[in-house]
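Colleague: This structure is in structure tokens; I'll ask about it shortly.
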Amino acid sequence: MRFPAQKFTLPNGLPCTLRSPELEDAAALLDYLRVTSGETENVVRYPEEITLSVEEEGMFLQQYAKSERQVMLAVFGAGVALGSAGVSPIGNGKKLCHRAEVGISLRKAYWGMGLGTRLMETAIDLARQMGYEQLELEVVSDNQRAKRLYEKLGFVSCREIPHGFRLRSGGYAPLERMVKFL
């Protein structure tokens with residue numbers, strides 16, 4: 001699914017555009033993923049695990065754009081990607097087709113500026129438009145900032161996954177599964 005461009009201004013005065021990324025955004029998004037995956041332990045991969053080529057990332061973006069059951073969103077400003085979110089089906093069979101998963105990340109320099117709320121609200125609306133009945137996510141259990149955002153938007157915790165993330169330090173972080181009924 002494609003999401004048309006929406007222009008807005010951050011509280012710091014930076015003009016931004018929220019839209020579905022295009023093929024020509026592949027390199028910028030790979031750079032964004034490498035940056036954000038190195039800024040916090042709360043995302044799913046480390047920077048060196050971002051191994052897609054620009055061409056492979058472009059194909060990935062095109063798949064999202066052509067799909068009627070998933071959407072990718074990105075916020076661009078100052079010539080770079082500042083944040084992204086995606087909605088994907090958990091399954092396509094009759095027993096799972098009502099469920100989708102949402103994921104979000106932001107450059108740390110843009111935390112606390114409303115980007116997370118804008119991305120999540122848009123993702124929730126698009127999930128409804130695609131016919132999903134519930135939206136799910138996983139969050140590192142001690143990531144209070146993210147949990148406050150998700151709870152504000154109506155997500156509720158439904159279980160904890162012990163040792164959900166294995167960290168470089170050798171330790172583990174539990175993940176919390178959250179759900180929002182649409």
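The values are calculated or read from the model by the stated rules, or taken from the named source; none is laboratory data. Keep in mind that what you see is a predicted model, and the values were worked out from it rather than measured. Here Cβ is always computed from backbone atoms with ideal geometry, including for glycine, and neighbour counts include all displayed protein chains. The protein model used for the area step is the full one, side chains on, heavy atoms only, and it has no ligands, DNA or RNA in it. Shrake-Rupley method; radii C 1.70, N 1.55, O 1.52, S 1.80 Å.
Colleague: Does segment 61-70 hold any residues that are of a type outside the set (K, R), part of a helix (DSSP H, G or I) and exposed (fewer than 15 other Cβ atoms within 10 Å of the Cβ), and which are they?
Modeller: Q62, Q63
Colleague: Then there's this: Looking at segment 112-123, can you tell me whether even one residue there is touching a residue at least 24 places away in the same chain (Cβ under 8 Å) and either more than 17 Å from the chain's Cα centre (by Cα) or within 17 Å of H98 (Cβ to Cβ) (or both)?
Modeller: Checked segment 112-123: at least one residue is touching a residue at least 24 places away in the same chain (Cβ under 8 Å) and either more than 17 Å from the chain's Cα centre (by Cα) or within 17 Å of H98 (Cβ to Cβ) (or both).
Colleague: Ok, one more. Just one of A85, A123, A100, A109 is more than 23 Å from T17 (Cβ to Cβ) and at pLDDT 95 or above; which is it?
Modeller: A100
Colleague: Another question about this same structure. Kindly indicate which of R168, R148, R177 is without any contact (Cβ under 8 Å) to a residue 24 or more places away in the chain and basic (K, R).
Modeller: R148
Colleague: Okay, next question. Report yes if A85 is buried (at least 19 other Cβ atoms within 10 Å of the Cβ) and either farther than 29 Å from P15 by Cβ or touching a residue at least 12 places away in the same chain (Cβ under 8 Å) (or both), otherwise no.
Modeller: It is true that A85 is buried (at least 19 other Cβ atoms within 10 Å of the Cβ) and either farther than 29 Å from P15 by Cβ or touching a residue at least 12 places away in the same chain (Cβ under 8 Å) (or both).
Colleague: Scanning for something at pLDDT 95 or above, assigned to a strand (DSSP E or B) and surrounded by 15 or more Cβ atoms within 10 Å (Cβ to Cβ), does segment 9-18 turn up at least one residue?
Modeller: Scanning segment 9-18, I find at least one residue that is at pLDDT 95 or above, assigned to a strand (DSSP E or B) and surrounded by 15 or more Cβ atoms within 10 Å (Cβ to Cβ), so the answer is yes.
Colleague: Considering only segment 39-56, I want to know if a residue exists there that is of a type in the set (V, I, T), open to solvent by 70 Å² or more (accessible area, probe 1.4 Å) and touching a residue at least 40 places away in the same chain (Cβ under 8 Å).
Modeller: yes
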